[in-house]
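The next block holds one structure in the form of structure tokens; read it before the comments.
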Amino acid sequence: MALYQNGNELTHMVDDRFDRTYKPGTVGPFSGIYICTNCRDEVACNAGNPLPPQNHRQHSPSKGDILWKLLVQTQNGPQS
């Protein structure tokens, strides 16, 4: 689970971008923290870079395939 100190620095948003899942090695469409939907491992990824490959971190086959999901999206600069 991602941790944070100051909740005032985060904005709640309901959007389908947080519901989509991505296979290992897929190019990350957003910069942010991604979580494996099965083992709950978290990784940071910049938009345009590939998400970690299948062998990045192995989890038990009983937990299913590695599927990454956007957990926290980062933003650049002030929002207008």
Quiz item: Could you give the nm distance between label points at H59 and R17, where each point is 7 Å from its Cα heading toward the beta carbon?
Solution: 2.3
Quiz prompt | Directionally averaged shadow of the chain, computed from the convex hull of its alpha-carbon atoms, nm² | solution = 6.0
Quiz item: Can you give the relative contact order of the chain as a percent, counting alpha carbon pairs under 8 Å and 6+ residues apart?
Solution: 37
Practice problem: Output ³J(HN,Hα) for the stretch 61-70: one whole-Hz value per residue in order, computed from phi by the Karplus curve 6.51 cos²θ - 1.76 cosθ + 1.60 with θ = phi - 60°, and x for Gly and Pro. | Solution: x, 5, 8, x, 6, 6, 9, 8, 9, 5
Practice problem: Calculate the spin-label point distance for D41 paired with L3, positioning each point 7 Å from the Cα along the beta-carbon direction, and give it in nanometres. | Solution: 2.0
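None of the figures in this text is laboratory data; all of them are computed from the coordinates on show. Just so it is clear, the model here is predicted, and its values are computed rather than measured. Ideal geometry is used to build each Cβ from the backbone, glycine not excepted, and the neighbour counts take in all protein chains shown.
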